[in-house]
Every structure is written in C-alpha cells, then in structure tokens.
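Notes for the one structure printed next.
The values are calculated or read from the model by the stated rules, or taken from the named source; none is laboratory data. No experiment lies behind these values; they were computed from the predicted model shown. Note: ideal-geometry Cβ built from the backbone for every residue, glycine included; neighbour counts use all protein chains shown. Please note that ligands, DNA and RNA were not included when accessible areas were found on the heavy atoms of the full protein model with its side chains. Shrake-Rupley method; radii C 1.70, N 1.55, O 1.52, S 1.80 Å.
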Amino acid sequence: MSDPALDLARELIRRPSLTPDDAGCQDVIAERLSAANFDVEPMPFGNVSNLWATHGSGAPLVVFAGHTDVVPSGPPENWTNDPFAPIVRAGLLYGRGAADMKGALAAMIVAVEAFVARRPDHAGTLAFLITSDEEGAAQDGTRRVMQTLEERGIKIDHCLVGEASSVKHTGDEIRIGRRGSLTGFTTIHGVQGHVAYPGEADNAAHRLIAALAGLAQTEWPAGDPAFPPLSLQIANVNAGTGADNVIPGEARGQFNFRYPPPIEPETLQSRVEAIFARHAPRRAVEWRDSGRPFLCAPGALRRAVIAAIGAETGTAPALSTGGGTSDGRFIAPGGTEVIELGPPRASIHKANEHVALADLAALVRIDGAVLDRLL
Ligand SMILES: [Zn+2]
C-alpha cells in the first residue's frame, strides 16, 4: 500500500541537504505545490535556498514553516543504515532528517494537497515558508524571508512550524513559546610572566576564573513562570601556554544564557559587564544574540491545534516553552501566532534518527484537521 507522506519523506531524506545546501529538496516541494495550484516563489539569499508559496487570497494568512536542511550524520558506522538511504524497519522510518524535519515537511505537504483538493475555494491564504538554513547561522533563511514579506506589507496571522515537538506520540506536546539565547565571548588581558615572579605579572586566568565565578554565583531574574527558569552555562574556558611555569597573560571564556521573557538581553549584558568590571579591568566581551524569547497568546491557531489533536488522539497536548531556539523566533515578533507541532523528538540530531510511520500518519491527519478548522 502506498503512503504518500512516507514516499515524500524518503524522497527528501535521499537528498543530503547539509546546511545550507538544500540539495534539491525545495525543487521537489516546489513541484508538488505548483501541481496543487500554489504560486511558488524561490527566495534565495546568498547560498541559502528559501521558498515562499501561496494558495488563495486575503486574510487570514496561515503559514506552514519548516526547513529542508539537516545536521551532519556523524560517523556513518554509528548508523545501522546509510543516513541518506532511508529504510523502514519495524514501523520506523530511519534517515537523517526523518524527525527533524523532513518527515514533518512531507506530512504538511500531503495534508495540504488533500485540503486544497477538497476545499479549492477555502477562506484566506495558505502558504509555505521553507528554508535551508535553520540548523546553521540562520541569517539568510527565515529571517530574510520575513524581512521581504514585511517590505511587501504581508502579515502572517498564524504559523505552524513542523519542528519535532512531541515526546512519545505526535501531538502529546506542542510548543507555544521559546526561550531566548544569548552568548558571551570574553577575552581577559593580564601580563604574562614567570610563576616564580607573580609581582611582575598579572594572571589573566585568575581574573577570568573570578569573573566567571561571579556570573555563576549571581541570582538572575527568573522571568515568566510559564517558562523554564533562566539558565546560565559556562561553555568554554581557555588559558595558559601548556607550560607549568608561565603565568597566562590572556584568558578566554564563553558562556550562554537561555532566558525567558520579559527579560531583555541588554539587561543581562549590562549585569555581566558590571561583574566583569570588578574582576578584570582589561577585557573585551563580544555578544551573539541568537534569538529573543517569545510566548504566543492563545488564539485561533492554538484552539484549532488542540481540537485537532483531541479529535485524533483523544487527549490534550502539553503546552511547552522548553527546548532550544527555532525559526519561530523570526516569525513570532511581528505578532504572528506561532505553534510548533511535529513528531517525537527523542532521536533528532542523533545517529539512527527515525520517525514512526504511525506518528507521520497522525501528523498528516492533524495538519489537515487544523486547516479544516482555520480556513
Ligand atoms: Zn529542526
């Protein structure tokens, strides 16, 4: 028996689309959506492939968002099959991207094909926003497409992102918000010298350790209780020449905040600067703002998703704000209602990544049922 979502997922997994190389996945998607009477517009930026495709007109504008790129497979010997030669074993589809997120892309496309076939004159506009740069720098992907749409005066009302949100079964958990991510890179300068003559040197390692200890001991604001509390983690510490008789003249540290709203990254930065100023007068701190936090207020999309999941599974999804960042961070700030709904996430980014065929089929039905309620 042929399974259109499985067939399409396999076709996408066979293309080794390591970020930002789309490897032809979006050509496959464009062909399918064109055949379903979508207006398809490639929107490449730099070496990133993006796709914007619409069907219908007017409000509401409902968007399915996703990415065709995948993370590297890691050593192939850790896999039981070639990560880019998908196989089905015991009801599970194995391959890089099966769960994150070529399976979900296939499910949305198959659900939408069926929806526009049965409701060609549906209300509002149905659209796809697909990028090949979600797992990487994410500079020329969804971010740039959103800028382009904004320049055209296009506002997305509701957006379903196909990230692997679930735990055991599709729909047992959805994401309604995400924490922000802020990384600091610091270089602390001292004066190199002989360990026997500390008075003639200035130990940069001592200063870095004191500054980082200051960060770790700080009580940071907790933020919105709907989110996991703020987390500060020191990720890298480097100092020293390797010799045991040299005081290091320079030391580097890297740390990352995952923080809930309403905390602003500027607040975190100024507190870090104040702590560092006490311990290391000569220093530089560089910042990478990888995404502001967001939390979507309950709206028509959330109601439709919860009802569709209830009809499919008989249970209500847990509403989560956990996990890392996703491209939802670029879509939500304009006031768009964003929900992440995808298959179980346990195997994403790992060897032997997989999705259960039952979870894929459930996602097709839920995506279709959401559209029936929204448009
Ligand atoms: Zn993903």
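First select every other residue whose beta carbon is under 11 angstrom from the beta carbon of Val70; then total the charges, Lys and Arg +1, Asp and Glu -1.
Details: positive: Arg15, Arg96, Lys102; negative: Asp21, Asp22, Asp69, Asp100, Glu134, Glu135, Glu353.
Local charge sum for Val70: -4.
State the answer as a single residue: which of Pro72, Val28, Phe38 lies farthest towards the positive end of the charge dipole of segment 22-178, with beta carbon charges of +1 for Lys and Arg and -1 for Asp and Glu, about the Cα centre.
Towards the positive end, the residue furthest out is Phe38.
Run the numbers on the chain and let me know its relative contact order in percent, using alpha-carbon pairs under 8 Å that are six or more apart. Don't jump to the answer; show the numbers that get you there.
Numbers: 856 pairs, mean separation 93.0, N = 375.
It rounds to 25 percent for the chain.
What's the center-to-center distance, using Cα atoms, between segment 68-129 and segment 22-43 in Å?
14 Å
Which of rounded, prolate or oblate describes segment 74-191 when judged by the alpha-carbon gyration tensor and an a/c cut-off of 1.5? Could the numbers behind the result be given before it?
Values: a/c = 2.17, a/b = 1.14, b/c = 1.91.
In terms of gyration-tensor shape, oblate.
Counting alpha carbon pairs within less than 8 Å and at least 6 residues apart, what relative contact order, in whole percent, applies to segment 89-202? Each step should come with its number before you reach the end.
Details: 43 pairs, mean separation 20.9, N = 114.
Averaging sequence separation for qualifying contacts and normalising by length gives 18 percent for segment 89-202.
Which value, in Å³ per residue, describes the convex hull spanned by the Cα atoms of segment 149-258? Let's see the in-between values first.
Numbers: hull volume 22.2 nm³, N = 110.
Convex hull volume per residue, Cα atoms: 202 Å³.
Looking at the square roots a ≥ b ≥ c of the eigenvalues of the Cα gyration tensor of segment 257-360, which shape do they give, rounded for a/c under 1.5, prolate if a/b is larger than b/c, or oblate? The partial results should precede the final answer.
Working: a/c = 3.54, a/b = 1.95, b/c = 1.81.
Prolate, because a/c is 1.5 or more and a/b exceeds b/c.
In deg cm²/dmol, rounded to 500, what helix-only [θ] at 222 nm does the chain give when every DSSP H run of at least 4 residues adds -39500 (n - 2.57) and the total is split over its residues?
Numbers: 9 runs with 112 residues, N = 375.
Mean residue ellipticity, 222 nm, calculated: -9500 deg cm²/dmol.
What lysines sit close enough to Lys168 to cross-link, taking a C-alpha to C-alpha distance under 16 Å and skipping anything fewer than 8 places away on the same chain?
Once the sequence-local lysines are set aside, nothing remains near Lys168.
Listed highest first by mean packing, meaning other Cβ atoms within 10 Å per residue, what order do 64-74, 358-368 come in? Show your work: numbers first, answer last.
Values: 64-74: 24.1, 358-368: 22.0.
Ranking, from highest mean packing down: 64-74, 358-368.
Pick out, from Ala297, Gly141, Val237, the residue whose Cα sits farthest towards the positive end of the charge dipole of the chain, with +1 on the Cβ of Lys and Arg and -1 on the Cβ of Asp and Glu.
My answer, from the dipole projection, is Ala297.
How high is the relative contact order of segment 236-335, given as a whole-number percent (alpha carbon pairs under 8 Å, six or more residues apart)? Walk me through the intermediate numbers first.
Working: 51 pairs, mean separation 20.5, N = 100.
Result for segment 236-335 is 21 percent.
Using a 1.4 Å probe and ignoring any ligands, DNA or RNA, find the accessible area of Lys168 and quote it in Å² to the nearest 10.
Here the accessible area works out near 150 Å².
Which of the peptides 175-187, 212-224 is most tightly packed, and how do the rest follow, going by the mean number of other Cβ atoms within 10 Å of each residue? Could the numbers behind the result be given before it?
Details: 175-187: 22.2, 212-224: 14.3.
Per-residue mean Cβ counts within 10 Å order the peptides as 175-187, 212-224.
Based on the alpha-carbon gyration tensor of the chain and its eigenvalue square roots a ≥ b ≥ c, which shape applies: rounded if a/c is under 1.5, prolate if not and a/b is larger than b/c, or oblate?
Values: a/c = 2.31, a/b = 1.89, b/c = 1.22.
Prolate, since a/c reaches 1.5 and a/b exceeds b/c.
Determine the percent antiparallel among the DSSP beta bridges restricted to the chain, to the nearest 5. Don't skip to the end; give the middle numbers.
Numbers: 50 of 70 bridges.
Given both bridge residues lie in the chain, the antiparallel proportion sits at roughly 70 percent.
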